[in-house]
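Inspection log for the structure reproduced underneath, given as C-alpha cells.
The values are calculated or read from the model by the stated rules, or taken from the named source; none is laboratory data. The structure presented is a predicted model; accordingly, all values stated were derived computationally and were not measured. Note that we place each Cβ from the backbone using ideal geometry, even for glycine, and neighbour counts take in every protein chain shown.
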Amino acid sequence: MRKLLTFLLLAAAFPVLAQNRPPLQLEPLPPPPPLAPGLSDADDTAPRVNIPVQREDKVEEVRENGRVVMMRVTPPNGVPYYLMDNTGNGNWMRRDSLDDGVRVPMWTIRTFD
C-alpha cells in the first residue's frame, strides 16, 4: 500500500516538473543611494556597538572573537558598573559587580565534531 501511494505521488509530481516555463524577465536594480556625510563604507564588516554613556565616563571593553561581550563603565565620581551581553543577541544587562553570589556552571562537557 505504501509503495502504491508513493508511486502515485511521484507520478503526479513529474508533470509539474516537466513544464516548459519561459525565463523570468528580471529588471536591473537601481544603484544604491550615496552614503550619508560622515559615514564610510570601509568598515562594514566590523560589528557596530553603540552604548549611550556620558562623555566623562571611562569605558573599558572586553572582546571575545572580535565581539564586545562586556564593558566596564567608570563614572568620574561614582562606582563602576558593568554592561554584559551573555547571550550574544545585543541585550545588554547592567551589573553593579561581577560577583553576584550566584554561580551557574557554564563549561563545555563534550563537543561533537
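Taking only segment 78-101 into account, find how many residues are free of Cβ contacts under 8 Å to residues at least 12 places away in the same chain and either among the acidic types (Asp, Glu) or loosely packed, with under 10 Cβ neighbours inside 10 Å (or both).
8
Would you point out which residue out of VAL69, VAL53, VAL59 is at pLDDT 75 or above, over 18 Å from the mean Cα position of the chain (by Cα), β-branched (Val, Ile, Thr) and within 21 Å of LEU98 (Cα to Cα)?
Step by step, each of VAL69, VAL53, VAL59 is checked, and only VAL59 is at pLDDT 75 or above, over 18 Å from the mean Cα position of the chain (by Cα), β-branched (Val, Ile, Thr) and within 21 Å of LEU98 (Cα to Cα).
If you go through segment 82-94 one residue at a time, do you hit one that is at pLDDT 85 or above, in contact with an Asp or Glu (Cβ under 7 Å, 6 or more places away or on another chain) and not hydrophobic (A, V, I, L, M, F, W, C)?
no
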